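Following: one structure in structure tokens, then a few remarks.
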Amino acid sequence: MNTLKWIVFIFFAVFIGLYPFAYLIFDMSAGLLSSKTPELLANTVWHAVFYQHILLGGIALLTGWSQFSKRFRNRNLNFHRNLGKVYLIAVAISGSAALYIALYATGGAVATLGFGGLAVAWLFTSYRAYLAIRRKDIDQHQRWMIRSYALCWAAVTLRLWLPLFQFGFAIEFLAAYRIISWLCWVPNLIVAEMIIRSLKFGKVSVT
């Protein structure tokens, strides 16, 4: 990854990773929450799980990007391992929460299936990455981590696609949201597979 791409990659990972914490400081009711019904917003279980999802998802996004730097790994191996544990724990909590809130996704069944599929894929790829590193299979661990973080990046691509669909293509919010519930992660996974096929594991590092 060249320097410019690396800078863009880090910028979006950090910026969107920190974004959920704005919910703890500012009134964010004018954002995506405005599409939820008053009854759902008053549901304390949904509210708690929603914050569980976005805050731990933010932590996953913030901790994941540095794991792909060869320089970082070589200089801070123990920190790399500990940060990887934080990432996997964050994914387990955020992904499990995502399965629940997907049931109430704006946009009905299409969006529920889209975001539910994302949650399952994120949990599955992360678990496979964990199993691989437990077996000390570094190559497979890297492959599954690329897939896992590509899915984690759905938080970024969702926020890039949504304004483009609404203001660039003039597509009504509900229609756009249904499409983006799939578009925010399926192309990410395709790109991840393209990256994996272009790399020579065991000879060349991920970055």
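The values are calculated or read from the model by the stated rules, or taken from the named source; none is laboratory data. Predicted model, so just to flag it, every value in this text is computed and none were measured. Glycine also receives a Cβ, built like all others from the backbone with ideal geometry; neighbour counts cover every protein chain displayed. For accessibility, only protein heavy atoms count, side chains too; no ligands or nucleic acids. Shrake-Rupley method; radii C 1.70, N 1.55, O 1.52, S 1.80 Å.
Roughly speaking, to the nearest percent, how much of the chain's 1.4 Å accessible area is carbon and sulfur? The value for the chain is 68 percent carbon and sulfur by accessible area. Using a simple spin-label model with pseudo-atoms 7 Å out from Cα toward Cβ, D137 and V14 lie 3.5 nm apart.
If you take the C-alpha gyration tensor of the chain, multiply each eigenvalue by 5 and take the square root, what semi-axes do you get, largest first, in whole Å?
Largest first, the chain gives 30, 18, 16 Å.
Sequence-ordered 3J(HN,Hα) estimates for the range 150-156 from the Karplus curve with 6.51, -1.76 and 1.60 and θ = phi - 60° stand at 4, 6, 4, 5, 4, 4, 7 Hz, glycine and proline given as x. Once both labels are positioned 7 Å from their Cα atoms along Cα-to-Cβ, the gap between I190 and F26 label points is 3.3 nm.
The relative contact order of the range 1-95 comes to 34 percent, based on Cα pairs under 8 Å that sit 6 or more residues apart.
Average accessible surface for the chain: 55 Å² per residue, computed with a 1.4 Å probe over protein heavy atoms with every protein chain in place.
Centre-to-centre, using Cα atoms only, the range 27-100 and the range 148-182 are separated by 18 Å.
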